[in-house]
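Enquirer: I'd like to ask some things about the structure below.
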Amino acid sequence: MERSAFSCYVFTPGGRLLLTMRGHAKRTWPGVWTNTCHGHPVPGEPAADAVVRTLRAELGLVSVTPDLVLWDSGSPVYRVVTDARPTPDPLEVGDFEWVDWADFVYAVRTNEVSVSPWCRQQVAELAALGDDPTQWPTIGAKHTLEIAS
């Protein structure tokens, strides 16, 4: 049975996106640029907890608070705002860079950057939430996803 996925976009307080390249040993989409992280909760784990776990394991980011900002095809999309510096696990993250959100949206829309298919779809939906990603509205806790065991 396929587990539901989540996506997370990490921003600085100034609105710069932490863009990551998927590790070259990844099973799906190796070496492709994408949103900050993408993963799956383990059975019984709330998606927000899975975001925290994944950010810690893949990027060394701790003390983060994920905010649910979008549902994309039934999967939650989270935003994290932090000024912490990532320390990526090279098996999970092939490369990373901080990019201006508006520039990234433009590059995705004009195909100047090749990104994972889920990231491309989500960028279009996230851009509609406003120009400042740190101010996007959040979705209430009633939409919290938990995977049944």
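The values are calculated or read from the model by the stated rules, or taken from the named source; none is laboratory data. Everything quoted here is computed from the prediction, not taken from an experiment. Positions of Cβ are backbone-derived with ideal geometry, glycine not excepted, and every protein chain shown enters the neighbour counts.
Enquirer: Identify, please: which residue in the range 21-40 is of a type in the set (V, I, T) and either without any contact (Cβ under 8 Å) to a residue 40 or more places away in the chain or farther than 23 Å from A84 by Cα (or both) and is, among those, surrounded by the fewest Cβ atoms within 10 Å (Cβ to Cβ)?
Expert: T28
Enquirer: Among the listed residues A107, A124, which satisfies the condition of being loosely packed, with under 14 Cβ neighbours inside 10 Å and not in a loop (DSSP other than H, G, I, E, B)? Steps first, please.
Expert: Working: A107 fails: loosely packed, with under 14 Cβ neighbours inside 10 Å.
On inspection, the qualifying residue turns out to be A124.
Enquirer: Also, quick follow-up: State whether one or more residues within the range 51-59 are surrounded by fewer than 18 Cβ atoms within 10 Å (Cβ to Cβ) and among the hydroxyl-bearing types (S, T, Y).
Expert: Within the range 51-59, none of the residues are surrounded by fewer than 18 Cβ atoms within 10 Å (Cβ to Cβ) and among the hydroxyl-bearing types (S, T, Y).
Enquirer: Something else about it: Can you confirm whether S116 is modelled with pLDDT under 95 and over 25 Å from R27 (Cβ atoms)? Walk me through how you get there before you give the answer.
Expert: Numbers: modelled with pLDDT under 95: yes; over 25 Å from R27 (Cβ atoms): no.
No, not satisfied.
Enquirer: Here's another thing I want to ask about it. Within the range 94-104, take every residue that is modelled with pLDDT of 95 or more and crowded, with 18+ Cβ neighbours inside 10 Å and give me the one that is nearest to W136 (Cα to Cα).
Expert: The extreme case among them is W101.
Enquirer: Here's a follow-up. Restricting attention to the range 64-97, which residues are part of a loop (DSSP other than H, G, I, E, B), aliphatic (A, V, I, L, M) and within 13 Å of L18 (Cβ to Cβ)? Break it down stepwise before answering.
Expert: Applying the first criterion (part of a loop (DSSP other than H, G, I, E, B)) to the range 64-97 yields 64-66, 73-74, 82-92.
If we keep only those that are aliphatic (A, V, I, L, M) too, we end up with 64, 84, 91.
Passing the criteria: V64, A84.
Enquirer: Does L61 qualify as being touching a residue at least 24 places away in the same chain (Cβ under 8 Å), part of a loop (DSSP other than H, G, I, E, B) and touching a Leu at 6+ places or on another chain (Cβ under 9 Å)?
Expert: yes
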